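Data first, discussion second: the structure below is written as structure tokens.
Coordinate-derived values only; no laboratory data. Just so you know, these numbers come straight off a predicted model, no measurement behind them. Methodologically, a virtual Cβ is constructed for each residue, glycine included, from the backbone with ideal geometry; neighbour enumeration extends over all protein chains shown.
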Ligand code: SF4
Ligand code: SF4
């Protein structure tokens, strides 16, 4: 780690390599002794140009590109995309397909929350917690593999429905796995709520009040831990969430402990929902017929990813490819809170505060074209201008 | 507040065997739905090219030499394939299927990753027609 000294001020850059998490992002913390007095976040190190690439592929090909936006919540991205495209094409997937989509989404939430739980434990230096929660996470990974054929990028969706069905054996194995995971989740909830060492790292750390959460536009479990009742599954039910409603888990405390508890308690909702789907799985077809060309129009789709609200905007010009696709992932909404909450905390708490929002950098990197009123078409920079822009940018940051 | 809440997990695990699999001496069974190498059924194929059109990785080329006589060469680039299963979904004739047991695909050169299915003579014709280094000729749509 490089440190840079200035008169009475110390700026510690963290990242872009491995800033607490194995993803690129750059943070600059100004510290006074051990206390953070200013924080700056800089993103864009994993920009992959997915939105642009999507414009060059057909609607069907895009589904698999979109699924690869995120390795952890791949299904929910594909689901949001499918629902948006289906909305444009006035096609509705059959009820059985919608229920299976929700089932996979909830299994994915379980795997994602277990993954996050382990990583955050690791950030707190609690590696026992990390190892055992990840061992138990294998159970849900096995369920997903058995169900879809893959551990990640399940490829469960097709435009207009899903690829596979559930049989009795699958149902029995999911039930067994869910029972096991429920028991383990109860245990981990006990750990995060009572372990003395762990509470030293979470209780009263990174407190975000409800007003702050609302102003900063926090989403998902991060917002719910600050008592903001915001959950797309409830606010605007999609797929089969109308038939299978969930309860919103809220907490008033707004600190890291609350974020742990909210996520873990949410898992019980997921277990409950999965059992209910297995009990009352509607019969019928798995896919509806989907046209190859999607009628011109615009669609916005919001879904609740494990990390919070995920938004898709799609514009079609009536051809077999999208004209524009815009993705907004939950991490970008929650990152502001990290920058704000880090101030006043010890530097050592910062990794935990960052991990507390369950960030996922590569999915949230988007490029923006800046247009000013003078040049409405945007600006093209030459290589030298771009270099100068970079130098000026950092000079401004240092001030 | 308590101390050492996870101690029972640790002590319980001491009695367990290691979970590491001794591959390649020991192989875990695969799930029935695992998607591995693509299988093509020449009898059912009509050469429509939908599979190639929908493949997100452009891993398939359907070369139609004679549609009536069902002379097709199905070129499949394994190292491009993302094993997504869309081609199987797109094929209306049910001519495609994914095996679930052919997942050990590592090789020392690229040769095993370029598969041609079809009549051996037809494959020769297709290979002769294509420029060196490129796979397949464009599908006849
Ligand atoms: S499985 Fe997917 S990537 Fe592989 S050939 Fe079929 S469509 Fe293409
Ligand atoms: S979609 Fe099926 S029938 Fe058409 S070319 Fe491909 S394998 Fe043959």
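Among the residues of region A:173-187, is any over 20 Å from residue A:265 (Cα atoms) and part of a helix (DSSP H, G or I)? Within region A:173-187, one or more residues are over 20 Å from residue A:265 (Cα atoms) and part of a helix (DSSP H, G or I).
On the stretch given as region A:15-34, residues that are free of Cβ contacts under 8 Å to residues at least 40 places away in the same chain, under 20 Å from residue A:346 (Cα atoms) and assigned to a loop (DSSP other than H, G, I, E, B) total 3. Could you figure out which of (1) within 11 Å of ligand 1 (Cβ to nearest atom); (2) at the interface with chain A (Cβ under 8 Å from one of its Cβ atoms) isn't true of residue B:50? Checking residue B:50 against (1) within 11 Å of ligand 1 (Cβ to nearest atom); (2) at the interface with chain A (Cβ under 8 Å from one of its Cβ atoms), the one that fails is (2). Scanning region A:167-193 for residues that are closer than 30 Å to residue B:82 by Cα and within 11 Å of chain B (Cβ to nearest Cβ) yields A:167, A:169, A:170, A:173. Selection of region B:7-28 for residues being away from chain A (no Cβ under 11 Å) and within 19 Å of residue B:104 (Cα to Cα) yields B:20, B:21, B:22, B:23, B:24, B:25, B:26, B:27.
Per-residue answers, yes or no, for (1) farther than 30 Å from residue A:201 by Cα; (2) without any contact (Cβ under 8 Å) to a residue 40 or more places away in the chain; (3) more than 10 Å from ligand 2 (Cβ to nearest atom):
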{"position": "B:6", "(1), (2), (3)": "no, yes, yes"}
{"position": "B:47", "(1), (2), (3)": "yes, no, no"}
{"position": "B:50", "(1), (2), (3)": "yes, no, no"}
{"position": "B:79", "(1), (2), (3)": "yes, yes, yes"}
{"position": "B:90", "(1), (2), (3)": "yes, no, no"}
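Can you say whether residue A:39 is within 13 Å of chain B (Cβ to nearest Cβ) and in contact with a strand residue (DSSP E or B) (Cβ under 6 Å, 6 or more places away or on another chain), as far as the supplied structure shows? Answer is no for this residue.
Let me confirm something: among B:57, B:75, which residue is more than 10 Å from ligand 2 (Cβ to nearest atom) and crowded, with 23+ Cβ neighbours inside 10 Å?
Result: B:75 is the single residue among B:57, B:75 that is more than 10 Å from ligand 2 (Cβ to nearest atom) and crowded, with 23+ Cβ neighbours inside 10 Å.
For region B:87-118, a tally of residues being within 9 Å of ligand 1 (Cβ to nearest atom) and touching a strand residue (DSSP E or B) at 6+ places or on another chain (Cβ under 7 Å) returns 5. Here residue A:151 clears all of (1) in a helix (DSSP H, G or I); (2) surrounded by fewer than 20 Cβ atoms within 10 Å (Cβ to Cβ); (3) within 14 Å of chain B (Cβ to nearest Cβ) except the condition numbered (1).
Does region A:119-137 contain at least one residue that is more than 21 Å from residue A:275 (Cα to Cα), under 16 Å from the mean Cα position of the chain (by Cα) and more than 13 Å from chain B (Cβ to nearest Cβ)? Don't jump to the end; show me each part of the working.
So the first thing to find is which residues in region A:119-137 are more than 21 Å from residue A:275 (Cα to Cα), and the list is A:119-135.
Then keep just the ones that are under 16 Å from the mean Cα position of the chain (by Cα); that gives A:119-120.
In the following step, the residues that additionally are more than 13 Å from chain B (Cβ to nearest Cβ) were identified as A:119-120.
Checking region A:119-137: at least one residue is more than 21 Å from residue A:275 (Cα to Cα), under 16 Å from the mean Cα position of the chain (by Cα) and more than 13 Å from chain B (Cβ to nearest Cβ).
In region B:55-74, the residue that is farthest from the other protein chains (Cβ to nearest Cβ) out of those that are in contact with a strand residue (DSSP E or B) (Cβ under 9 Å, 6 or more places away or on another chain) and closer than 25 Å to residue A:321 by Cα is B:63.
For region A:35-125, which helices (runs of 4 or more DSSP H) that fit wholly inside it have 2 or more residues that are crowded, with 21+ Cβ neighbours inside 10 Å?
On the way: elements: A:50-55, A:59-67, A:74-89, A:95-123.
Helices (runs of 4 or more DSSP H) meeting the threshold: A:59-67, A:74-89, A:95-123.
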